[in-house]
Each structure stands twice: as structure tokens, then as C-alpha cells.
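To keep things clear, I will list the structure first and then write my remarks on it.
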Amino acid sequence: MSTAATLIRVRLPDGSTREYPEGTTVQGVADSIGKRLAKAAIAGKVDGRLVDLSHALRGDASVEIVTEERPEGLEVLRHSGAHLMAQAVRRLYPGAKLGVGPVIEDGFYYDVDVGRTLSPDDLPKIEAEMKKIAEEAIPVRRRELSKDEAIRIMQGRGEALKIEMMNQDIPDPTVSCYEQGEFIDLCRGPHVPDTGRLTAFKVLKATGAYWRGDQSKQMLQRLYGTAWATRKDLETYLFRMEEAKKRDHRRLGQELDLFSFQPVAPGAPFFHPKGAIVYNLLIGLMRELYQKYGYQEVVTPQIFDVSLWHTSGHYANYKDKMYFTLSDEREFAVKPMNCPGHTFIYAHSKRSYRELPLRLADFGRLHRLEQSGEIAGLTRVRSFSQDDAHIFCAPEQIESEITGVVKMLTEVYTIFGFSSPRVCLCTRPEKSIGSEEMWQKAEAALAAALQANGIAYAVAKGDGAFYGPKIDYQVRDALNREHQLATIQLDFSLPERFDLRYTSAADREERPVMIHRAILGSLERFFGVYLEHCAGNFPVWLAPVQVAVLPIADAFNGYAREVAEALAGKGLRVKLDDSNHRASAKIAIAQQQKVPYMAVVGEREQRDRTVSLRERSGGDKGAIPLDDFVRRVTEENGARR
């Protein structure tokens, strides 16, 4: 006597519902929908949870089929790519010990110990072995094991690092593993159904990395790779990476003589004269906007008694990134942020509601003790300045003040060509100060301000500052890479901790709110991001040298000086190259230095009072009257083009 199979109801993304026998896999659901989807399927989402295609449904559920082009599908591909790379390493180096292999942006890495340093010559061998394994189309199988059994398996394979992880990081009595042929690894999954689904991948580089990021532990080899849905996608990515190398701000900084780093000050950039011009022009732009938007600039100390940082909460929540020193038997700290210092300027006078909002801006030098492995050119430094400001306002002014900041940052980003930024509302982190009620109030206020301005946003749970929630702006550069620049942070905590007050219209003492705000953010980081965005081709207003005046022979140096003086008289930055180089060499040097305009002068130009105009993009633009050229560059400079 047969028993009818139990049916379960599956709700699909289009809202339709289908019935399947209990135990049907996600792949089975995909098969029932259509051959095209079944072939493209790489994973599934069951009630919002990403799972393998082999996952069996045991009850009514919402099911979504994930294909490899989707972000979740790419994550599965890359996760499986990490395992593929680890399997290849184990085949090539049988005694290799495996660490961890997570997915990262656009790829993955795996930490391995092969008993020696891997060289660039090893990478093609590893990639070739990966291709062999992929061609074998080995089925990938999920296994649930007791932790004791998993430890026994890893002991048999000599995987000491895996055993350490299980003993220290996995409290559960069971663990999940993924097996493909002779290879097995600890993993939550999900993964591709077989290695044949991995068709577009590449091993990128190998670097050193301490086990668990701990300098007291052994040094491993970190192998980086990438995986994509199609070969075309992979080729596009690799082209973008090559372009990124050309645009690397550290390389451009050296080639254009903008800045350098020296061993005597790790993580602290030295800006050379040309770089200082750009740096100060960024500050000048913000100072102009401060006048327009009602900010007042202040200057505050760099070193404060440590008691300040106890009151602000930085000592308890941020001390690992701070520098400390002793003087006269007192402990002091170098400021990592301007905000606590600004509270003293606010509290110096008795404040009335009529003075609010009070907008204080500060370009003060900041210092943060970043780990040596985290330092990365200008984008992660220990010494920097921000276009930092703090707005002290009444609670009812929050929305209008944030609207003003949004308007200001939109104006700034338009100047630099950053359009359609992605906006995130970052909520309370695990390590924070203040009551739950205060956080809920602050998060609701930021959400209301975004909604009032018609700004679409995503919620980034737990990414707020320790003292308050924030709005972060992410922009995409010319290579479609995302960078976090502007931040708007709402803070009810510091005004309370420093007992800030103002007298209301009803003659009552009230507590102000602080809005922390930066638009460029760290000037150093913005410099690096923008340098790569424009590939060193600064717009005329920002270029360290705006015009190179190039006489073709010494006989025309006098007229060349006259041209240079006419331009400099309008406040333009001019380089007169009166060296004995040939004209072609002078042009090549100016182009290498990415000077926007070259004014070449010779006998005809001297006679006609013109310049022969060349642009850095190449090509002779012909003769132009000197007065017209001066006017043209002056207008471009003033219009910030």
C-alpha cells in the first residue's frame, strides 16, 4: 500500500504559488519553471536565505532562483572559486595547509602555507591546475559533520589551521563542509553544483599575510583571485584593473611630483609644491562655500588632556587608534577628530536660540594610529585634514540643516563630476554610547530628513559612528569603483556629555543637537580618489600648472616671457620652459606633466602677437590671439572647468 507524497506550497517571486512533493530540491523548482532558468541557476534563496541548488524543501516556503549574473550568484561563484584555488594548491603542494578563503569585492582570496614564498611564476601553474579541475566538472557536495568527526578528517589531512579554527571559533557541535573529489573544506556555503560551472576566473597575485591578522602568528601566503559569470565579464574586469594600475594615485603622485612618503613618518604624506597647490585649492573651494552656506571657520588645538577624550567617549571606544603622550606628569592625546574641541567653543558663551544654528568648520590636522598593514597611499593615512564642520542646532532645525548640507555636497560633487551617489543610512553599531531611545530618535530624524529631500537610501545596519547614526555618500569614479566620501552624522550624545545648552524662545534651557559633517572627507583621501578619477588630468582650475609657455628657440624667449606675464597677471599658474630642449621635447615634457594648455611661440606668433595652442590631449589647435587665449583660460579657471 503506497502513501501519497506530502505536498508543500512554494511561492515564487512573481507572486504565483506552486505545489511540489516535500523534499523537492531548489534545482527541481528551477527545472519545473523552464529549461533556460534551470540551466542558468547557480543557487537559490529560500525564505530569503541563500542555499545550494541541492537544498531540499521541507515545508511551505518562498523560493527564488539565483543566476550567476546576479550579485548573489557572483558571490557563490567567487566562494566556489576560492575552494577551486585551494584544491589546486593542495594538488600542486600536497603538504600545504589551508587558512581561510573569503569572498571580497570583485573576487576572493585564500590564505595558504606552502612552506615557501610564492613567486609570480607560481601563479600561472595554480591557474592552470584550477582549469583542469574545472574541466573535470567534479560534483560539489555539502556534508553536515559532528565537530569531532570534522577534526579527525582535518587531522588526517594535516590541516592544523582548520583544527585551530574549529577549536577556537566554532562552539556548535556540528559543522558544515563542502567536498569536491579529494578536496574537503569547512564552509557555510552555498556553492556551485559542480566545478564545471566555473569558467571565467584568474589568479591575480600573492602577498604575505599573518594568520588571523596577528603579527605574533605565522606568515602565510595570501592568494588573490577573481571569478565572473562570463569570459567577457572577466576580460572587462581585467582591462579595468590594468587601467587602474595606470591611474594608481601613488604612481601618478610620483610621476607628477605631487607628493611622497618617507620612512621617517610612516603613513604621513609629504605634499610637494605642486601637490600643495591642489591641496590648498580644495580647501579654497570649501572656504568659498562656507561663506555661501553660513559657516564660520575655527582653529583648535591638536593635543588635549586625556580627560577630554574620557568625557567624549573616544577613550573607551577609539583609544586603539589614538596617539598619547606625557607632559608635566599629565597624559595628553593627539586629536583624531575635531568634534570635542568644538564643544568648548560653543560652551565658551551663553547661547540663545537666536544664534542657532551655529556652523563651525575646521581644517585642523588629525592623527589616527592606523595599523601598518592598513596604510594605503593617500586613501588610508595616519596624518590628515578634513573639510570638517559641526552644526549646533535646535532639534526642530535638524531637517533644514541636513537639507542645506545635501544642497552643498550636491554642488561640490557636480564640480568634480561625481553624479548619482549611493546613499546609506548607517545605524547603531555594536560598540556605541547613549541610550536606545536616543539612537532611535536620531535614526528616525535622519530617515525623515532623507525622505523629505526625496533621497533614496539603503540601510547599513551597525555602520554608524559610536556616538550617533550617519548618512554616508558613496560615489563611483571613472572606473566604476565606489568610494565613500561625504558623511552626515547626527549626535545627541556629545551635547549631553559636555552639558551644552541654549536658551529657548520660551526662556528655558534646552539641549542642542550636533550634526557632524564632511563633504570631501579626508582631503588626503579625496586627493587620491580624484587623482585616479581624472587620471592626473586635473581640470584647468585645479591643475598645478595651467599653461606651459614653450618658445621654440632662444630668440623668442622675450616674447614667451611676455605671454607668461600676461597669463600670470590674471592669477594663472604658468611654467615658462626656456630650456635649450627642442620644441618637440618641451611639448612632450608638458604632456607628460599633464599640463592642460601649451602655448608654443616662434617667429610667426611673435610677429602676430598670437600663440600656437596645443592641448594635453594632443594635437595642434592652431594660432589664437594672445588676448583671446588669456581670456579663455581665465574664464575656464573662474568657472572651475
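Just so you know, all these numbers are worked out from the coordinates, no wet-lab data involved. These figures come from a predicted structure and were not determined experimentally. Quick reminder, even Gly has a Cβ in these numbers, built from the backbone with ideal geometry, and neighbours come from all protein chains shown.
So the values come out like this:
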quantity	calculated
The range 259-533, relative contact order [Cα under 8 Å, separation at least 6], %	20 percent
Residues L326, L490, L613 arranged by fewest to most Cβ contacts within 10 Å	L326, L613, L490
Most to least packed among 12-21, 523-532, 330-339 [average Cβ atoms within 10 Å]	523-532, 330-339, 12-21
Least to most buried among S372, S62 (fewest other Cβ within 10 Å first)	S372, S62
Local electrostatic count, L256, Cβ distance below 11 Å [Lys/Arg +1, Asp/Glu -1]	+1
Around D172: net Lys/Arg minus Asp/Glu count, Cβ-Cβ under 14 Å	-2
Folded to 0 to 90 degrees: helix 122-135 orientation relative to the chain principal axis, Cα	40 degrees
Order by protection proxy (mean Cβ within 10 Å, highest first), peptides 103-109, 119-125	103-109, 119-125
Nearest 10 degrees, 0 to 90: helix 273-293 Cα axis against the chain principal axis	90 degrees
Three-way shape call for the range 368-523 based on the alpha-carbon gyration tensor, with the a/c threshold at 1.5	prolate
Phi to ³J(HN,Hα) by Karplus 6.51 cos²θ - 1.76 cosθ + 1.60 over the range 560-568, Hz, x for Gly, Pro	4, 5, 5, 4, 4, 5, 5, 6, 5
The chain, helix-only ellipticity at 222 nm - DSSP H runs n ≥ 4, -39,500 (n - 2.57), divided by all residues, nearest 500	-11000 deg cm²/dmol
Cα-projected label distance for R354 with E242, points at 7 Å along beta-carbon direction, nm	6.8 nm
The chain - percent relative contact order, Cα under 8 Å, separation 6 or more	8 percent
Net charge contributed by nearby residues that have their C-beta within less than 11 Å of T17 (K/R +1, D/E -1)	0
Three-way shape call for the range 125-179 based on the alpha-carbon gyration tensor, with the a/c threshold at 1.5	prolate
Cα long-axis angle, helix 398-416 against the chain (0 to 90 degrees, to the nearest 10)	80 degrees
Distance-filtered residues of the range 402-441 - backbone nitrogen under 16 Å, label point 7 angstrom along R641 Cα→Cβ	415-417
Relative packing of peptides 429-435, 503-509, 311-317 - highest average C-beta neighbours within 10 Å first	311-317, 429-435, 503-509
Residues M438, M598 arranged by fewest to most Cβ contacts within 10 Å	M438, M598
Rounded Å value of the spacing that divides the Cα centres of the range 41-75 and the range 108-162	25 Å
Mean-position separation - Cα centroids, the range 204-223 and the range 477-508, in angstrom	39 Å
Projected label distance in nm at R476 and Q371, using a 7 Å step from Cα toward the beta-carbon	3.1 nm
